[in-house]
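Engineer: Dropping the structure in here first, questions after.
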Amino acid sequence: MRRAVYNYLYFLWRCVRLIFEGDWRYYTWIGVLLVFMLLGLNAYMKQFVHGLATTGMSDQVSWGVYIANFTFLVGVAAAAVMLVIPVYVYGNRDLHDLVIFGELLAVAAILMCLAFVVVDLGRPDRFWHLLPGIGRFHWPISMLSWDVIVLNGYLLLNLHICGYLLYCRYVNKHPAKWFYIPFVFIAMVWAISIHTVTAFLYVGLGGRPFWNSAIVGPRFIASAFTSGPALIILALQVIRKVTDYQITNRALLTLRSIVQVSMLINLFLFVNELFKEFYTDSLHVASARYLFLGLHGHSALVPWIWTALALNLAATILLVLPLSQSLRYLNVACVLAFVGIWIEKGMGLVIPGFIPTPLGELVEYQPTLNETLICLGIWAFGFWAYTIFLRMAVPILQGRVNRNNEDRPWSPEEVQGVGPGGR
Amino acid sequence: MQRQPYATGEMSRRSFLRNTAIVSSAVAAMAAALAPLRELDEFPSLEEFLQKHYKELTPEEMDRILKRIADEVEKEYGRRPEIKDYKPLNGVQFVYCLNLTRCVGCRKCVHACVAENNQSRSPEIQYIRVLEMPNGTFDVEQSEHTYQPPAVPREQRYYMPVQCHQCRKPPCVKACPVEATWQEEDGITVVDYDWCIGCRYCEAACPYWARRFNWAKPRIPKDKLNLNMSYLGNRPRKKGVMEKCHFCIQRTRAGRYPACLEVCPTGSRKFGNILDPESEVSYILRNRRVFVLKEEVGTMPRFYYYFDV
Amino acid sequence: MTAETKESVVLTAMILVFVALYGVFVEDLTGRVRTPPPPEPTPAWATNTGTVRISAAEVIATDGDTSMMECYVCHTEGERQPLKLDSEGRVILVVEHSDLIFGKKRCLTCHDESEEASLELEYDDDGRVILPKGHEDLVLRHGEYGRNNNCYNCHNPDKLDELVTRQGKKYPLSESTMLCVSCHGPTYRDWLRGLHGRTSGYWNREMGEARREPCAACHDPHHPEFPHLRPAPAPRRLHGGQPQAFAGAHRREAGGDGDGGSDENHSAQTAEEPEEG
């Protein structure tokens, strides 16, 4: 047992050492990310000392880019399941190894989500109040309590699955099916739930008619399953280029069809929303009117949402045409879709819910420099996390970093007795 | 081009020096990034950090906490407050009634509340928001919040002050992930300022825009501090926590009228115990045309608007 | 350039960037945090719990200055003071009671002392004061259409410091409420219940007393319409410079600033009473 633990720790240490090894492109990339992370850290320290008045938020618009990014990234994290389902439910072998890349992306996205929540809190030092059993956890009534459970649970699920599969590959073991397959299936359902719970945060508020609509949940899922796989398509091509890991075009095209269908559904649901708001034209349309047309002379978000719509439409057209089977056009479509949905879900959902306020006051929101630096810092952190995960995972999956390659004597007993499942 | 990992663990001296330089410059930059912490003047003590939720405090713990708060206030403002933990009175359910025929929109209630409840003046926090509504509509989108004519009331307007309605089915209480806000037996929805994590979900949930957040350290003029304080009510808050109208808990649980009612020059505000059939509020609810804001949201507020005739 | 050289260049650049960042952070070059401006003092009248006026009854009850209520300093006791009527039978308000002409105010309440010379009143042929422009709404007005435009509706002509109802019942000044009641019954009923008018003190009558304000504490008997008040300062936004909330169809009046505007508008009567205990 002690040996098993020691070997596992050595594996972890080996992974950590991998992070520091790379070529000049790797160091440049990491360097740039570190710069943004440090700027973000500094900006956060200022916010920690002076309070959230350093952001552009106010009592009228009390959630801003932090929660907007959080909402978007929960969707990206949920989309890892879009790789898992074809592989494990439909037996798609092309995507098999890519599951790990998708789940590592989910881990990075979840870490970003947690970071965005922490920087948004007024009293992050009171984080322990949220811990069940130690603090006072208002479960099951508060949707935020559900969110805490599902996000952390998803993080642990993915860490377990990826960690176990990578470790088994490292020690040349067949992974024991019972130790990861059930978790994979749990993760499939769990992924849908993390984003639905996040949607329910908004839907459950009767005082905010812009959010209090059943369509918000399905829209979240549809847009998540568009933007997440779009990002994965781009990430896989980066991996293909930077390492020599083999990724077939067929895999990319499978993901393309997922993005295609999800984007069409997303647009359809969007049209539903537009109809409901503008055809009914009740007093509750105020927030939608502010977003799309401007309200009483305030129209800061109008160019953003129309840009998002244009980007989404352009992406849809590209995706539907056979033209996007060519990777160049596919990449353009993915970028368009990712950015379009980021705007639509972030600024197009969170901010208009506060404008006008429940008492009819119209106060607009503009993030400050400090707030923006923190956001960039967290995005950089996410990219950095994903980069180092890949930096560890790719050589292991390729067999290049393997216990057999290490310059260290292993006894035959050690080789046999490690980990569950054995030989 | 793939580089071989350092299987043997050997490095040249130059790369060792270079690596050390990188790591130390990165660490130095990170330490410098933390430079703003130099200005941090308020950090919770260990006791404060570990303080339990209000509902779990024993009376001895509460006494210690009250003393600690009094010490802190004395240190910050130079005057020692009298701070108590007021418990709900038996057989009391508070209700507030506001006479829209009489309110002239003078906003004295807003400022009396600020003075009584030690609210931050900069950044400004005001629990009560008076809406200037045009005659003929309840659509709050047509209201004006920042009216400042030479005299009120203006022609063809009526005035509707809004503050926390202490709803019987409060959406804010549902929303809070740590139970930092809850409704007490006498109907007041309170906030434990030492438990709130500042996530502002309750602020998003409130249909009446009644909750306020401390976006920065609150600033109260030292000479204006109200020294009659309560734990759940008007003791000075810290940055990063929520607050809201609590029906002047330090007054009402001692049997007195809230500050907004006392200052109202036209007598538009009425407050009392609805379980007492002789109270003003009972009479109003039986005999006047009464309505609540946003009834369709289902919050069942304790704050009733009515007309005189 | 070989890969080794590129790597060296990149790593050296990183070292320089980190050192530069060190400087940026220590010197706070990404922007100092602006602290909120110091709080502006709230005007005292915005938290003044006093009533808008002090009634005669209150002055008597608190042993205040009753010199204005000693009618027989000027009038002759026992002699009925006839009312001056104009050609249409309307009462002409006399200058000696100019506080009735201009509501409860004397000229100097709004005008500056230096203007006193120009504050001469003009009279028409009937001897009626010609109201200066902008003062039309300040005149004695108890009820519309001049219903109570006759002093002896309420005052006893034989005993000027006594009040009398239409039914002939007499009350001293200290019991002026009962005079009001003689016509305003429903309001009195509401007042008794606590619905009309101000209450202060304890809602819980077992723990303390509640104080009710009598009619004349808020309503000037000669001009009972509740005075317009100057509104206390409007709320400020956390991040200033934001566009103001939409004002329905009307924007804020020009001249309406944080100070509450000028005193030129005579309809703005402010409550400037001493603080209540």
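Engineer: I need a count of the residues in the stretch A:38-50 that are out of contact with any Leu (no Cβ under 6 Å at 6 or more places or on another chain) and either open to solvent by 10 Å² or more (accessible area, probe 1.4 Å) or more than 7 Å from every other protein chain (Cβ to nearest Cβ) (or both). Don't jump to the end; show me each part of the working.
Structural biologist: Going through the stretch A:38-50, the residues out of contact with any Leu (no Cβ under 6 Å at 6 or more places or on another chain) turn out to be A:41-42, A:44, A:46-48, A:50.
Among the residues that remain, those that are also either open to solvent by 10 Å² or more (accessible area, probe 1.4 Å) or more than 7 Å from every other protein chain (Cβ to nearest Cβ) (or both) are: A:41, A:44, A:47-48, A:50.
Within the stretch A:38-50, residues that are out of contact with any Leu (no Cβ under 6 Å at 6 or more places or on another chain) and either open to solvent by 10 Å² or more (accessible area, probe 1.4 Å) or more than 7 Å from every other protein chain (Cβ to nearest Cβ) (or both) number 5.
Engineer: Is it the case that A:LEU373 is open to solvent by less than 20 Å² (accessible area, probe 1.4 Å), more than 17 Å from the chain's Cα centre (by Cα) and within 14 Å of another protein chain (Cβ to nearest Cβ)?
Structural biologist: Values: open to solvent by less than 20 Å² (accessible area, probe 1.4 Å): no; more than 17 Å from the chain's Cα centre (by Cα): yes; within 14 Å of another protein chain (Cβ to nearest Cβ): yes.
Judged against the criteria, A:LEU373 is not a match.
Engineer: Right, B:THR252: touching a residue at least 40 places away in the same chain (Cβ under 8 Å), in contact with a Lys or Arg (Cβ under 7 Å, 6 or more places away or on another chain) and more than 14 Å from chain A (Cβ to nearest Cβ) or not?
Structural biologist: Working: touching a residue at least 40 places away in the same chain (Cβ under 8 Å): yes; in contact with a Lys or Arg (Cβ under 7 Å, 6 or more places away or on another chain): no; more than 14 Å from chain A (Cβ to nearest Cβ): yes.
Answer is no for this residue.
Engineer: Any residue that is among the basic types (Lys, Arg), within 19 Å of C:ALA57 (Cα to Cα) and in contact (Cβ under 8 Å) with a residue 24 or more places away in the chain - is there at least one of those in the stretch C:181-202?
Structural biologist: Within the stretch C:181-202, the first condition is being among the basic types (Lys, Arg), and the residues that meet it are C:189, C:193, C:198.
From the residues that got through so far, the ones that are within 19 Å of C:ALA57 (Cα to Cα) too are C:198.
Retained after the next criterion (residues that are in contact (Cβ under 8 Å) with a residue 24 or more places away in the chain): C:198.
Yes: the stretch C:181-202 contains one or more residues that are among the basic types (Lys, Arg), within 19 Å of C:ALA57 (Cα to Cα) and in contact (Cβ under 8 Å) with a residue 24 or more places away in the chain.
Engineer: Among the residues of the stretch B:43-75 satisfying the criterion of being open to solvent by 90 Å² or more (accessible area, probe 1.4 Å) and within 14 Å of chain A (Cβ to nearest Cβ), which is nearest to B:THR252 (Cα to Cα)?
Structural biologist: Applying the first criterion (open to solvent by 90 Å² or more (accessible area, probe 1.4 Å)) to the stretch B:43-75 yields B:43, B:46-47, B:50, B:55, B:59-60, B:63-64, B:67, B:75.
When the remaining residues are screened for being within 14 Å of chain A (Cβ to nearest Cβ), the result is B:43, B:46-47, B:50, B:55.
Details: B:PHE43: 33, B:LEU46: 33, B:GLU47: 30, B:LEU50: 30, B:LYS55: 20 Å.
Among those residues, the one meeting the criterion is B:LYS55.
Engineer: Okay, moving on. For the list (1) in contact (Cβ under 8 Å) with a residue 24 or more places away in the chain; (2) open to solvent by 10 Å² or more (accessible area, probe 1.4 Å), I need the number of the one condition that A:ALA214 fails.
Structural biologist: (1)
Engineer: Residue check, B:CYS264 against (1) surrounded by 24 or more Cβ atoms within 10 Å (Cβ to Cβ); (2) touching a Gly at 6+ places or on another chain (Cβ under 9 Å); (3) facing another protein chain (nearest Cβ under 9 Å); (4) not small (Gly, Ala, Ser), all met but one. Which one?
Structural biologist: Against the list (1) surrounded by 24 or more Cβ atoms within 10 Å (Cβ to Cβ); (2) touching a Gly at 6+ places or on another chain (Cβ under 9 Å); (3) facing another protein chain (nearest Cβ under 9 Å); (4) not small (Gly, Ala, Ser), B:CYS264 comes up short only on (2).
A quick yes/no check of all residues on (1) part of a loop (DSSP other than H, G, I, E, B); (2) modelled with pLDDT under 95; (3) open to solvent by 10 Å² or more (accessible area, probe 1.4 Å); (4) not hydrophobic (A, V, I, L, M, F, W, C):
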position: B:TYR159; (1), (2), (3), (4): no, no, no, yes
position: B:VAL190; (1), (2), (3), (4): no, no, no, no
position: B:ILE197; (1), (2), (3), (4): yes, no, no, no
position: B:GLU243; (1), (2), (3), (4): no, no, no, yes
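Engineer: Here's another thing I want to ask about it. In this structure, does A:THR280 turn out to be touching a helix residue (DSSP H, G or I) at 6+ places or on another chain (Cβ under 6 Å) and either open to solvent by 10 Å² or more (accessible area, probe 1.4 Å) or in contact (Cβ under 8 Å) with a residue 12 or more places away in the chain (or both)?
Structural biologist: So A:THR280 fails the test.
Every residue, every condition in (1) closer than 25 Å to A:VAL148 by Cα; (2) open to solvent by 10 Å² or more (accessible area, probe 1.4 Å); (3) part of a helix (DSSP H, G or I), yes or no:
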position	(1), (2), (3)
A:THR196	yes, yes, yes
A:PHE200	yes, yes, yes
A:GLY206	yes, yes, no
A:LEU255	no, no, yes
A:ILE258	no, yes, yes
A:LEU269	no, yes, yes
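Engineer: Let me ask another. For the stretch A:285-339, give me the residue count where each residue is without any contact (Cβ under 8 Å) to a residue 24 or more places away in the chain and either outside any helix (DSSP H, G or I) or in contact with a strand residue (DSSP E or B) (Cβ under 8 Å, 6 or more places away or on another chain) (or both).
Structural biologist: Number satisfying all stated conditions: 7.
Engineer: Does the stretch C:46-68 contain at least one residue that is more than 25 Å from C:ASP220 (Cα to Cα), among the β-branched types (Val, Ile, Thr), within 14 Å of another protein chain (Cβ to nearest Cβ) and under 36 Å from the mean Cα position of the chain (by Cα)? Walk me through it before giving the result.
Structural biologist: Applying the first criterion (more than 25 Å from C:ASP220 (Cα to Cα)) to the stretch C:46-68 yields none.
No, the stretch C:46-68 contains no residue that is more than 25 Å from C:ASP220 (Cα to Cα), among the β-branched types (Val, Ile, Thr), within 14 Å of another protein chain (Cβ to nearest Cβ) and under 36 Å from the mean Cα position of the chain (by Cα).
Engineer: Return yes or no: is A:GLN246 surrounded by fewer than 21 Cβ atoms within 10 Å (Cβ to Cβ) and without any contact (Cβ under 8 Å) to a residue 12 or more places away in the chain?
Structural biologist: Considered against the rule, which asks whether it is surrounded by fewer than 21 Cβ atoms within 10 Å (Cβ to Cβ) and without any contact (Cβ under 8 Å) to a residue 12 or more places away in the chain, A:GLN246 comes out as yes.
The values are calculated or read from the model by the stated rules, or taken from the named source; none is laboratory data. Model, not experiment: these values are computed from the prediction. Every residue, glycine as well, gets a Cβ built from its backbone with ideal geometry; the counts of neighbours run over all protein chains shown. In case anyone asks, the SASA skips ligands and DNA or RNA and just uses the protein heavy atoms, side chains included. Shrake-Rupley method; radii C 1.70, N 1.55, O 1.52, S 1.80 Å.
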